[in-house]
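The values are calculated or read from the model by the stated rules, or taken from the named source; none is laboratory data. Treat the numbers as computed from the prediction; the structure is a model and nothing was measured. Quick reminder, even Gly has a Cβ in these numbers, built from the backbone with ideal geometry, and neighbours come from all protein chains shown.
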Amino acid sequence: MSEAEAYRAFRKARWPDKNGSVPWCPQCGCMGAYELAPRKPAPDKNGRKGRTPAFSNRFRCKQKECRHDFSVTSGTIFANRKLPFRTLLQAVALSAQSVKGKAALQLSRELAVQYKTAWVLSHKLREAIAAERTAMTLSGSVEMDGMYIGGSIRPENRREDRVDRRKLVNPKKQCVLALRQREGRILATVVPGEQREPAWDLVRRHVQAPAELLADEAPGYNDLVALFPMKRNNHGEAYVVEPGSSTNQVESFFSRIRRSAHGVHHRVAGTYLDWYVSDLAFREDMRRMPMANLAPRYLGSALAHPVSRNLAGYWQGNKPPDTLGWRVPDEGGPDGDGRGPDGLGNGPPGRHPHRDDMDDEPLSPRAQRQAISDAMRVVAARRKLSGVRPGGKD
């Protein structure tokens, strides 16, 4: 595939109307824009002119009030790209066809790019998939269960010093709570544990009637009977207490997570576990989709996500929050909590976990210093007007 063909695939995925021939402005939303002529390359030091590119990838909004210049990747996770369209499309296709995820080191070898480039690109794709799944709703028979993954306690060298590691507390383990609709989709996120609060919140937000919950004997699920009818399985007595009440389908999804963590990535960092499980849930849902349809679907989800505030400039110091996924409610968001509209918040109060167009983003050190300097100038001006000396009291 040539660079021009890859560019046309991006246009078709970004603007599906009429196969990408009708672009819309990401600034004002106006349908239709002028396609600008390709820029002529500057001559080299010997005065020789380069070849004019086959396409421009430059558009201008038709609205007089806007006149915004943009490209096919403006406002997406691929904004400010340095890789060619062909390499980006190869990364999307290679990531989509892997049934248990794609390791960044393997992707870097296949694309002939640095590991850091492949790592950030892979996480941007996972973030876009995770953001798409936050508005998911389930109904019908919904299986619910939790699993613990991450970290291990190393045994002592001498046999007499070893203890039963099953009785020890592993602070690195994290809980993944999953809801799987039978013959439907999966919602999975990282929670503090199989507790009442995250289970109640996720079911209330993402399960709609008519629905029936299927869960095990974990006490954190006891109160869910107030929301929907439930069937419980006491695994201490039997794997299936009554016909049709098993949670085998959601447990099969957990096996995909374990095989991916141990067989593909070998280590899944706790900070990004929520993105990993959301990406694997997407792969589980789309496992029967033909590759010819899966890769464009994957690309469309990536282009629908805005610029990543968690990963843009990652190697220059911009880092995501410490833990992604569900968190304890607070007073900062709608409905009296700070999780945002999907209940899977992970940032400051009122911040949506995967949307990055909020106004409460944490400031960079330079912006913090500028804000402090501006505040000090305002205070000095007020003191001067009120006649108070800098060392006095207001």
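Here are some residues: 264, 250, 225, 203. Which one is farther than 28 Å from residue 172 by Cα and of a type in the set (Val, Ile, Thr)?
Working: 264 fails: farther than 28 Å from residue 172 by Cα; 250 fails: farther than 28 Å from residue 172 by Cα; 203 fails: farther than 28 Å from residue 172 by Cα.
So the residue among 264, 250, 225, 203 that is farther than 28 Å from residue 172 by Cα and of a type in the set (Val, Ile, Thr) is 225.
Filter region 217-258 down to the residues that are crowded, with 17+ Cβ neighbours inside 10 Å and closer than 25 Å to residue 279 by Cα and list them by number.
Residues satisfying the conditions are 246, 247, 249, 250, 253, 254, 256, 257.
Hey, any hits in region 206-222 for a residue that's touching a Leu at 6+ places or on another chain (Cβ under 7 Å), modelled with pLDDT of 90 or more and of a type in the set (Ser, Thr, Tyr)?
no
Is it the case that residue 149 is crowded, with 17+ Cβ neighbours inside 10 Å, among the aliphatic types (A, V, I, L, M) and under 18 Å from the mean Cα position of the chain (by Cα)? Break it down stepwise before answering.
Details: crowded, with 17+ Cβ neighbours inside 10 Å: yes; among the aliphatic types (A, V, I, L, M): yes; under 18 Å from the mean Cα position of the chain (by Cα): no.
No: the conditions fail for residue 149.
For region 89-102, indicate whether the set of residues that are hydrophobic (A, V, I, L, M, F, W, C), over 21 Å from residue 276 (Cβ atoms), out of contact with any Cys (no Cβ under 8 Å at 6 or more places or on another chain) and surrounded by fewer than 17 Cβ atoms within 10 Å (Cβ to Cβ) is non-empty. Quick ask: steps written out before the conclusion?
So in region 89-102, the residues hydrophobic (A, V, I, L, M, F, W, C) come out as 89, 91-94, 96, 99.
Next, only the ones that are over 21 Å from residue 276 (Cβ atoms) stay: 89.
Right, trim to out of contact with any Cys (no Cβ under 8 Å at 6 or more places or on another chain) and you get 89.
From what's left, surrounded by fewer than 17 Cβ atoms within 10 Å (Cβ to Cβ): none.
No, region 89-102 contains no residue that is hydrophobic (A, V, I, L, M, F, W, C), over 21 Å from residue 276 (Cβ atoms), out of contact with any Cys (no Cβ under 8 Å at 6 or more places or on another chain) and surrounded by fewer than 17 Cβ atoms within 10 Å (Cβ to Cβ).
Taking residue 82, is it touching a residue at least 24 places away in the same chain (Cβ under 8 Å) and assigned to a loop (DSSP other than H, G, I, E, B)?
So residue 82 does not fit the description; no.
Using the structure shown, decide if residue 160 is over 23 Å from residue 304 (Cα atoms), outside the structural domain of residue 314 (by TED's automatic domain parsing) and either charged (D, E, K, R) or part of a helix (DSSP H, G or I) (or both).
Numbers: over 23 Å from residue 304 (Cα atoms): yes; outside the structural domain of residue 314 (by TED's automatic domain parsing): yes; either charged (D, E, K, R) or part of a helix (DSSP H, G or I) (or both): yes.
In short, yes.
Restricting to region 279-323, give me the number of residues that are assigned to a loop (DSSP other than H, G, I, E, B) and either on the phi > 0 side of the Ramachandran plot or of a type in the set (Gly, Ala, Ser) (or both).
Quick first cut of region 279-323, residues assigned to a loop (DSSP other than H, G, I, E, B) only: 286-290, 304-313, 317-323.
Remaining after also requiring either on the phi > 0 side of the Ramachandran plot or of a type in the set (Gly, Ala, Ser) (or both): 304, 308, 312-313, 317.
Number of matching residues: 5.
What number of residues in region 195-246 are of a type in the set (S, T, N, Q), in a strand (DSSP E or B) and without any contact (Cβ under 8 Å) to a residue 60 or more places away in the chain? First the steps, then the outcome.
Filtering region 195-246 down to residues of a type in the set (S, T, N, Q) leaves 195, 208, 222, 233-234, 245-246.
Still in the running and in a strand (DSSP E or B): 208, 233.
Then drop every residue that is not without any contact (Cβ under 8 Å) to a residue 60 or more places away in the chain, which leaves 233.
Total meeting the criteria: 1.
Do you know which residues across region 104-125 are surrounded by 14 or more Cβ atoms within 10 Å (Cβ to Cβ), more than 20 Å from the chain's Cα centre (by Cα) and of a type in the set (Gly, Ala, Ser)?
Scanning region 104-125 gives a single hit, 108.
Could you tell me whether residue 92 is in the same structural domain as residue 268 (by TED's automatic domain parsing), in a loop (DSSP other than H, G, I, E, B) and not acidic (Asp, Glu)?
Details: in the same structural domain as residue 268 (by TED's automatic domain parsing): yes; in a loop (DSSP other than H, G, I, E, B): no; not acidic (Asp, Glu): yes.
Taking the combined requirement at face value, the residue does not satisfy it.
List the pairs whose first member sits in region 13-38 and is closer than 16 Å to residue 75 by Cβ, whose second member is in a loop (DSSP other than H, G, I, E, B) and of a type in the set (Ser, Thr, Tyr), and whose Cβ atoms are under 6 Å apart, counting only residues at least 6 apart or on separate chains?
Hits for this filter: 26/74.
Anything in region 38-84 that is among the hydroxyl-bearing types (Ser, Thr, Tyr) and surrounded by 15 or more Cβ atoms within 10 Å (Cβ to Cβ)? List them, or say none.
Of the residues in region 38-84, the ones among the hydroxyl-bearing types (Ser, Thr, Tyr) are 52, 56, 71, 73-74, 76.
71, 73, 74, 76 - these are the residues of region 38-84 that are among the hydroxyl-bearing types (Ser, Thr, Tyr) and surrounded by 15 or more Cβ atoms within 10 Å (Cβ to Cβ).
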